[in-house]
Amino acid sequence: MLRLPKFKYLAPKTLSQALKLLADHGPGAMLIAGGTDVLPKMKRRQFHPQVLIGLNGIKRLRGIRGSRNKGFLIKAGTSLSEIASHSVIGKAYPGLTQAAEVISTPILRNMGTIGGNLCLDTRCNYYDQSHEWRQAIHWCKKAPGAGLSSEEVPCRVAPGSPRCWAVSSCDTAPMLIALGAQVTLAGPQGERTIPTSALYHDDGQRYLTKGPDEILTEVHLPPADGIRSAYLKLRRRGAFDFPVLGAAVALKLGTDNLIESARIVIGGIASHPVEMEAAEKLLLGRPYSPELGRQAAQAAFALARPMDNTDFTLFYRKKMVPVYIERALRRALAS
Ligand SMILES: Cc1cc2nc3c(=O)[nH]c(=O)nc-3n(C[C@H](O)[C@H](O)[C@H](O)COP(=O)(O)OP(=O)(O)OC[C@H]3O[C@@H](n4cnc5c(N)ncnc54)[C@H](O)[C@@H]3O)c2cc1C
Ligand code: SF4
């Protein structure tokens with residue numbers, strides 16, 4: 001049985017207390033919300049914080065408010081279950097409901113939060129293993145052994161590469177990017193609001209642009225404004241696996257059913273969610289037809305370059321990118 005190492009748990013009641021604790025404890029501290037990723041990773045010794053700063057007691061970080069016309073504010077500590085079961089969100093942004101309701105299991109969705117999901121660690125077959133397993137292969141860049149720096153150990157997937165290629169595996173990020181959502185980060189210097197896409201670096205190790213002293217506080221969904229959306233996920237076991245491919249689509253039809261706006265964002269194929277701009281451009285200003293959907297989906301094939309570090313072969317995952325985009329386009333238009 002894997003056991004948790006010793007740690008100190010601090011439970012601030014306000015955001016400013018949490019920010020102060022984070023600043024006071026520095027790199028030895030880590031935020032925890034639902035803990036559904038932090039705690040398993042501490043057991044596998046992928047994370048070793050001496051101090052955990054719990055966010056669940058901060059009332060300001062919970063709740064959903066808004067409307068289809070004004071858009072929604074979703075606080076970072078809101079559970080995935082609350083989002084998945086929100087009736088107005090389900091009607092106005094069906095893609096977000098579809099993304100939230102396929103994350104892990106019902107119990108984990110009750111604990112797991114949207115903030116934790118957006119800040120979820122990247123994943124890799126060589127990293128998401130026990131301490132002993134990783135020690136046996138002499139570690140890798142993302143989690144070098146004690147006393148080693150990441151420069152001293154290779155990437156096991158791409159041994160000549162100077163970077164880590166671990167995969168962005170959160171289901172809500174591609175959908176929120178496609179919907180044009182923004183996120184607010186609070187830090188010692190105040191608050192800043194950025195597009196969700198700007199939260200991510202294309203780097204499996206330093207995958208977030210968020211500073212270590214910042215807390216994600218809110219997600220802002222723009223007005224639904226006729227946007228049709230859908231999310232589809234590829235994984236081996238429908239019951240609870242992480243995505244090895246997630247296709248998020250948000251479309252708006254204008255007069256004469258011409259496509260007025262189109263955003264297609266793919267998760268699970270790179271260290272950050274990837275926007276398929278070439279596919280989007282093909283759709284714009286044209287009426288949707290099955291043939292156009294196929295062409296747009298095919299345009300994404302060349303842009304998808306998954307690495308061999310998750311479930312299924314990379315060739316299969318690459319082949320599935322256009323298939324899932326085409327299906328997601330049809331699902332969005334049917335919504
Ligand atoms: C068996 C299993 C299956 C899973 N399947 C999926 C899946 O299919 N899809 C998926 O997307 N996820 C999956 N997960 C991961 C996880 O359950 C979800 O991503 C969940 O939303 C994480 O939220 P949390 O609140 O539990 O995060 P935590 O574990 O508490 O935190 C995760 C990370 O976010 C940081 N963090 C949390 N809140 C904030 C904040 N407000 N500001 C800044 N940083 C913050 C933490 O420091 C940590 O780095 C799975 C987990 C398990 C154990
Ligand atoms: S991509 Fe390479 S460095 Fe990153 S976790 Fe996997 S093996 Fe390690």
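The values are calculated or read from the model by the stated rules, or taken from the named source; none is laboratory data. Values in this document were obtained by computation on a predicted structure and should not be read as measured data. Neighbour counts run over all protein chains shown; Cβ positions are idealised from the backbone, glycine included.
For this structure, a couple of remarks:
- When Ile53, Ile103, Ile83, Ile74 are checked against the criterion of being part of a loop (DSSP other than H, G, I, E, B), crowded, with 19+ Cβ neighbours inside 10 Å and at pLDDT 95 or above, Ile103 stands alone in meeting it.
- Residues located in the stretch 279-315, provided they are under 22 Å from the mean Cα position of the chain (by Cα), without any contact (Cβ under 8 Å) to a residue 12 or more places away in the chain and either within 16 Å of ligand 1 (Cβ to nearest atom) or part of a helix (DSSP H, G or I) (or both): Leu314
- Condition met for Lys233 (touching a residue at least 60 places away in the same chain (Cβ under 8 Å), within 13 Å of ligand 1 (Cβ to nearest atom), farther than 27 Å from Pro106 by Cβ and surrounded by 17 or more Cβ atoms within 10 Å (Cβ to Cβ)): no
- Pairs are defined by a Cβ separation below 7 Å, a sequence spacing of at least 6 or placement on different chains, a first member in the stretch 63-92 that is within 19 Å of Ala332 (Cα to Cα), and a second member that is crowded, with 21+ Cβ neighbours inside 10 Å and of a type in the set (S, T, N, Q); the pairs so defined are Ala84/Thr97; Ile89/Thr97; Gly90/Thr97.
- For the stretch 146-157, the count of residues that are within 16 Å of ligand 1 (Cβ to nearest atom) and not in a strand (DSSP E or B) is zero.
- If you go through the stretch 222-249 and keep only what is of a type outside the set (Lys, Arg) and part of a strand (DSSP E or B), you end up with Ser229, Ala230, Tyr231, Leu232, Leu234, Leu245, Gly246, Ala247, Ala248, Val249.
- Selection status of Thr196, under 23 Å from Leu73 (Cα atoms) and within 13 Å of ligand 1 (Cβ to nearest atom): no
- Qualifying positions in the stretch 93-106 - small (Gly, Ala, Ser) and either farther than 11 Å from Ala230 by Cα or within 12 Å of ligand 1 (Cβ to nearest atom) (or both): Ala99, Ala100, Ser104
- Index of the failed condition, Phe72 passing every other in (1) more than 12 Å from ligand 1 (Cβ to nearest atom); (2) closer than 22 Å to Gln17 by Cβ: (2)
- Matching residues, the stretch 107-140, being farther than 24 Å from Thr196 by Cα and either within 16 Å of ligand 1 (Cβ to nearest atom) or part of a loop (DSSP other than H, G, I, E, B) (or both): Ile107, Asn125, Tyr126, Tyr127, Asp128, Gln129, Ser130, Ile137, His138, Trp139
- Filter result (small (Gly, Ala, Ser) and surrounded by fewer than 22 Cβ atoms within 10 Å (Cβ to Cβ)) within the stretch 242-269: Gly254, Ser261
- Within the stretch 273-310, restricting attention to residues that are surrounded by 17 or more Cβ atoms within 10 Å (Cβ to Cβ) and charged (D, E, K, R), the residue that is farthest from ligand 2 (Cβ to nearest atom) is Glu280.
- The residues of the stretch 197-221 that are more than 16 Å from ligand 2 (Cβ to nearest atom), touching a Phe, Trp or Tyr at 6+ places or on another chain (Cβ under 9 Å) and either in a loop (DSSP other than H, G, I, E, B) or among the small types (Gly, Ala, Ser) (or both) amount to a single one, Thr209.
- Count of the stretch 167-196 residues which are assigned to a strand (DSSP E or B), among the aliphatic types (A, V, I, L, M) and under 21 Å from Ala248 (Cβ atoms): 3
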